[in-house]
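Remarks on the structure that follows.
The values are calculated or read from the model by the stated rules, or taken from the named source; none is laboratory data. For clarity, every value in this text was computed on a predicted model and none was experimentally measured. Positions of Cβ are generated from backbone atoms using ideal geometry, with glycine treated the same way; all protein chains shown enter the neighbour counts. Quick note on the areas: whole protein, heavy atoms, side chains included, nothing else; ligands and nucleic acids left out. Shrake-Rupley method; radii C 1.70, N 1.55, O 1.52, S 1.80 Å.
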Amino acid sequence: MLTIGIFMPLTLFFFLVGSGITYWMGNKIQSSFPWIGLGIGILIGFLIVYKLKESWIDHINLLEVNFWENTGIWQIVGLSFFVFNAVSYLMDIRRRFIKPADSLFKLMLYLLYFPSLHAGPLHRFSYLNEQFDQANISEKSFSNGMRLILWGLFKNFVLAQRLNQLLITLRGSEIGGWWTLLIGCLFFFYIYFSFSSFIDFFQGVSEIFNVRLKDNFHKRIYFSRNRHEFWRGWHITLNEWFRDYFFYWQIKFQFWRNKPYLLLLLTYMLIGLWHGISWQYLLWGFLNGLWILLEKALKVHKLKQGGLLKQSMGIVYHILGCSFIALVFIYPTLGDLWNKIQMPTYFPMEVWFLHWRNICIFLMMFLLVDLYNFWSKDERMDSFLESLSPWKRRLIYTQLVLSLFVFGDFTGGLNNYYLAF
């Protein structure tokens, strides 16, 4: 928190004030006054105002847009995760699932717990508070934590950063037509390796103190066979938050009880707006919800059943659809995307000559990661490595460390794409 206070004082100021408001509101909720609505309104309202900054900052003469965007002083990092955890805390008290925190310090420890503040995953107060009371450092917890940190660093620098360099070149090239889907496909894999690597890294930091953060991704989620399967294993804790604190809360009302599919569509649109308040993200959420509903109507989930050919068709179908959805997510406007797709179908071969080494390294390392994911099944990587014999563990450690030093791309630093949200 000292580092945040020095380099991002607005972040620290809001987190301290927000923690105080949440603590005070939590102790008032059971009274007759609608404190729950007021508390949630203040937290969500500030989040909305901050996410709208790009549209209203132009009207503030004292600040320039570039200064706002490029200077960490005025940024609030981790705001969405802070607000969502605070809202879940207040709603759990209102539902009598938990009692208010004994002290402001305990609540701040939950809301400002740095391994989960900047990239998630989201957690209930009761889940983390119980572990905080038993936190300690042991030889086993330190070993497991370092395994996850190594695994996260490998995925980020060897895979995500190389994909990022390729994406930058492709987006600045003359690629056009249906080849544009390649940008969406690469972005999908990039965001997976970037985001999941930070989850691994922060899980590892937390594991050192014997605090176990939840998993946020299913193994081999990139080989999903339909959109429903994908959303069951992608950003799991965010989806659970919207399910528990929005969908289930709204479905109790008569208006929504007879319109569950409309409510599902609205939920995905809100997930889109969580990333940023713009028509671009709203459309992205709408398309995801519509995709889920179409799959339900057409029974596309059957593609995950049957033989290898049928399952392979499902994987190809999902990756193609996911590539298009990703383009909607990353292009500033639909006009830009439409102009790109309408261009003559063309792939700039100079990109291959410039990045052939990146591409070969990525493919080789991706096969290795997928092999580990397949081998470990549902086990988290630290538990999986712990279960292996010592010589197998040392062999894998050696491979990961050597890959980092030989194939790692450190030119862009440790970038976390999801810090923007």
Report the relative contact order of segment 245-387, percent, no decimals, based on alpha-carbon pairs under 8 angstrom and at least 6 residues apart. 14 percent
Dipole check, the chain, charges on Cβ (K,R +1; D,E -1), about Cα centroid: among W338, S387, I76 the Cα furthest to the positive pole belongs to S387
Note down, for segment 269-402, the three equivalent ellipsoid semi-axes (square root of 5 times each alpha carbon gyration tensor eigenvalue), biggest first, whole angstrom. 34, 24, 18
When the label point is put 7 Å from the Cα of I315 along its Cα-to-beta-carbon vector, which residues of segment 364-392 have a backbone N closer than 18 Å? 364-378
Under a 10 Å cutoff between Cα atoms, tell me which one of G335, G26, G289 has the largest fluctuation in the Gaussian network model of the chain. G335
Per residue Cα convex hull volume for the chain, in cubic angstrom? 177 Å³
Say we join alpha carbon atoms closer than 10 Å with springs in a Gaussian network model of the chain; which of P332, P121, P390 then has the biggest fluctuation? P390
FRET efficiency estimate (nearest 0.05) - Cβ-Cβ, H118 to N27, R0 30 angstrom: 0.60
Expected max-MSF residue from C360, C322, C185 in the GNM of the chain (alpha carbon, under 10 Å) is C360
Quick one: length gained pulling Y346 to T333 fully straight, 0.36 nm per residue minus the C-alpha distance? 2.5 nm
Karplus-derived HN-Hα couplings along segment 213-226 (A = 6.51, B = -1.76, C = 1.60, θ = phi - 60°), whole Hz, x at Gly and Pro: 7, 5, 6, 10, 9, 7, 5, 6, 5, 5, 9, 4, 9, 6
Only helices at least 27 Å long along their axis, Cα-based, and averaging 0.5 or more on Kyte-Doolittle count here, so list those DSSP H runs from the chain. 181-208, 279-298, 308-330, 349-376
Each label sits 7 Å from Cα toward the beta-carbon; between K296 and E240 the label points are separated, in nm, by 2.2 nm
Roughly how many whole Å is it from the C-alpha centroid of segment 85-149 to that of segment 233-304? 27 Å
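If R0 is 45 Å, what FRET efficiency do you get for L270 and R394 from their C-beta distance, rounded to 0.05?
The formula returns an efficiency of 0.45 here.
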How large, in percent, is the carbon and sulfur part of the accessible surface of segment 86-231 at a probe radius of 1.4 Å? 59 percent
Between L371 and R95, with labels modelled 7 Å along Cα→Cβ, what's the label distance in nm to one decimal, could you check? 4.4 nm
Could you work out the relative contact order of segment 76-169, using alpha carbon pairs under 8 angstrom and six or more residues apart, expressed as a whole percent? 30 percent
Leaving out ligands and nucleic acids, note down the accessible area per residue over segment 337-399 with a 1.4 angstrom probe, in whole Å². 64 Å²
For D133 and V49, compute 0.36 nm times the residue count separating them, minus their Cα-Cα distance, and round to one decimal in nm. 26.7 nm
If you take the alpha carbon radius of gyration of segment 131-242 and divide it by 2.2 N^0.38 Å, what ratio comes out, to two decimals? 1.29
What helix-only [θ] at 222 nm does the chain give? Using -39500 (n - 2.57) per DSSP H run of at least 4, over all residues, to the nearest 500, the answer is -21000 deg cm²/dmol
